[in-house]
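Worksheet: the structure to be examined is printed underneath.
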Amino acid sequence: MGTVSFKTFLLGLVVGAAGGYGVGRWLPLDSAITTSSPPAVSSPATPPPLAPDQLGALPAKHPPLVPGGDATESPAVAAARRTADTDIGNYLAQMDAAAALYQAGRFADSLAYAQRARNLRPDSVDALLAIGVSQAELGQYDAAVKTLEQAVARRPTDADTQTELAYVHLRRKAFREALATAEQAARQAGYSERALEIIAQAALALGEPARARAAVERLAAVNPGNPRLAELTRSLAPDKTTPDKTPDKTTKGKPS
């Protein structure tokens, strides 16, 4: 299966749920939501799975196979996990299982399969992204930042990768870092709605309403139907009880 872009992945699957808003290109699934965003940055072809005689040479730290699943596990998740467990040397199978488990809200299990994938392909930026977003969902923000910084270093011109890192900074309330990273993403791709949302939220948290307003205005120009636009616009309205203080709305909702 081919991989898909950040903007077409979990956006429609996890909007409104707790945690992050995307797993991005690491998802090798065909059921991605189609959006009007520009085409995804192409990635190199994925190397073939390891041959059976190569499995004995797996890295020493390769996560072991352990029984998984439960009675409530969906058939799709069970099938993805079973395939990955049966074919431990198959990078794409590990990534598929990580994606399926992430969608099911089983972030610790998703992380384990993503780590397996990275051990198979240490140079895979997509595996780094899978690890980073799962760490963030588990509240492991410091680890997620380090992981996603590695992904950004390897893919420095990718606005979506930078946006994932910016959102983790926002969640850990490192607003200055979130603002700087999201602005970099917006410079790379001015159409990035999530980057603009993060800029607005971080700027509001830092008491910089003019900066937030500029981001909201750009967001309105990019997509007048953005689901967060009305909320962000309200956040910019003067607080009549404390006219000199910008209301802090950064903890309500999340980038769409």
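The values are calculated or read from the model by the stated rules, or taken from the named source; none is laboratory data. Not measured: the values here are computed from a predicted model. Counting neighbours? That spans all protein chains shown, and the Cβs are built from the backbone with ideal geometry, glycine included. Accessible surface areas use protein heavy atoms only, side chains included; no ligands, DNA or RNA. Shrake-Rupley method; radii C 1.70, N 1.55, O 1.52, S 1.80 Å.
Things worth noting here:
- Net charge, VAL152 excluded, C-beta distance under 9 Å - Lys, Arg +1, Asp, Glu -1: -1
- Peptides ranked, highest mean first, by Cβ atoms within 10 Å: ranges 99-107, 84-92, 111-119: 111-119, 99-107, 84-92
- Note on ARG154 and GLU231: the extension gain reaches 24.3 nm, defined as 0.36 nm multiplied by sequence separation minus the Cα-Cα distance.
- Over segment 160-211, the alpha carbon radius of gyration divided by the compact-protein estimate 2.2 N^0.38 Å works out to 0.96.
- All Cα-Cα distances of segment 71-178, cut into 10 Å bins from zero to the largest, leave 17, 44, 29, 9, 1 percent in each bin in turn.
- Linear extension gain, ALA79 paired with GLU217, 0.36 nm per residue minus alpha-carbon span: 45.2 nm
- Carbon + sulfur, % of accessible area of segment 117-249 - ligands and nucleic acids excluded, 1.4 Å: 51
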